[in-house]
1. Name the residue farthest towards the positive end of the dipole of the chain from the options Met210, Leu279, Ser292, assuming +1 on Cβ of Lys and Arg, -1 on Cβ of Asp and Glu, about the Cα centre.
2. Cross-link candidates for Lys240: which aspartates and glutamates have Cα within less than 15 Å, leaving aside residues fewer than 8 places away along the same chain?
3. Calculate the dipole size of the chain relative to its Cα centre from +1 charges on Lys and Arg beta carbons and -1 charges on Asp and Glu beta carbons; express the result in debye to the nearest 20.
4. Using alpha carbons only, how many angstrom separate the centre of the stretch 119-142 from the centre of the stretch 261-326?
5. With every protein chain present, what is the per residue accessible area of the stretch 106-234 (1.4 Å probe, Å²)?
6. For the residue pair Val246 and Arg79, what label-to-label distance in nm results when each label sits 7 Å from Cα along the Cα-to-beta-carbon direction?
7. Quote the convex hull volume per residue of the stretch 1-66, based on C-alpha atoms, as a whole number of Å³.
8. What is the magnitude of the charge dipole of the stretch 156-284 about its Cα centre, with +1 placed on the Cβ of each Lys and Arg, -1 on the Cβ of each Asp and Glu, and no other charges, expressed in debye to the nearest 20?
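The values are calculated or read from the model by the stated rules, or taken from the named source; none is laboratory data. In this text the structure is predicted, and so the values were computed from the model without any measurement. Note that each Cβ is placed from the backbone with ideal geometry, even for glycine, and that neighbours are counted across all protein chains shown. Side chains included, ligands, DNA and RNA excluded: accessible areas come from the protein's heavy atoms. Shrake-Rupley method; radii C 1.70, N 1.55, O 1.52, S 1.80 Å.
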Amino acid sequence: MLNELRHDHAVTFALIPSRQARDIDLNEHEDFFGAGKFVAIKRGLLAGLIFNARIIRRKVHGRIFGKMLSNDVDYLFDRSLKGACKHLIETVKPDVIIIEYIHFSKILEWVPNGVYKVIDTHDSFSHEFTSEAERKGLERADMVLAIQDREASMFKDLLGAASRTQVTTVSHIVAGHATIDSNRCEGASFVGSNFEANNQSLASLIANVMPMVLAERPNFKLHVIGDVGTAIPDYPFVVKHGRVKVVAHALARAPVLANYIVKGTGIKIKMLDAMGMGLACVSTALGADGLSDAFADGVCVTDDDRQFADELIALFDNAARRAALGRAGLEAVARWNTLQRSSLQSAIDPAS
């Protein structure tokens with residue numbers, strides 16, 4: 001999205017401190033955005049201790065009494081950052097401000113009148129917030145970006161017809177990648193971080209599908225790319241790559257994406273990116289959620305484990321089939337990107 005916006009806009013990116021950003025490369029971010037265009041907001045030591053204590057207290061409460069929907073859409077936002085956020089807004093004087101995730105929508109309350117306010121939601125958080133809390137966050141914006149049409153419909157229903165806040169769908173825009181040569185194939189690839197939904201999906205793929213594949217193709221390898229590999233034991237048929245600098249280099253050894261997703265929400269970016277590299281994909285229906293038939297060329301979708309295994313075997317055996325599905329996926333991604341770019345332009349420029 002930022003690459004797209006930089007074509008026509010001067011973009012300043014502010015990074016809010018997060019425990020998930022421990023290994024972020026700040027220098028690479030500064031190089032990407034340019035001098036003065038990347039700002040890492042700092043949190044004071046005392047404020048950090050207070051904020052972390054509040055989060056830990058909430059987690060302990062959840063373990064004791066069970067997880068409940070939060071009525072505070074701002075519980076993950078550190079209010080001690082207010083001064084730094086307001087100062088940055090006053091310094092940059094933006095025409096448009098985009099907030100990533102509804103959890104940080106509080107910032108929009110400090111934006112001067114006349115600045116166009118956007119929330120890039122990434123997902124619905126109805127599993128985390130009450131309807132009242134999620135509505136409160138969404139109503140702070142002029143425009144809400146949903147990652148797929150189902151979430152857009154949910155947000156529209158939640159806001160109601162009388163709301164001034166508009167909702168549109170702007171999904172993942174696939175970056176330009178070099179096409180991977182699929183002539184050589186050692187098996188299939190699974191991509192993911194060490195995250196509950198990914199861990200469960202990979203374990204299910206190994207338990208439910210791989211025994212059938214290996215019974216017919218004992219030399220078939222499952223290449224696991226990303227930290228998700230740390231969540232499973234070592235198997236003779238699994239090649240663990242861990243975190244890699246260039247995903248395409250790892251995918252080239254097994255250029256078939258096994259998108260066996262059994263848990264999770266939102267558009268599966270890993271599959272769109274694989275399609276954008278010319279990879280054939282085999283996916284569960286959940287893994288292809290949000291990708292309509294108009295853009296699903298190059299993807300074999302099935303929730304039947306036997307059929308999933310058969311598709312992996314067929315693609316492992318047949319280089320021509322891998323190439324044909326890969327080309328179809330590339331063409332589908334090109335159409336997909338055209339739609340997302342148009343939607344993004346319309347969403348960011350209210351006069352367009």
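1. Met210
2. Glu186, Asp227
3. 1060 debye
4. 31 Å
5. Result: 44 Å² per residue.
6. 4.9 nm
7. Each residue corresponds to 124 Å³ of Cα convex hull volume.
8. Numbers: 12 positive and 8 negative charges, 40 e Å.
Here the size comes out at about 200 debye.
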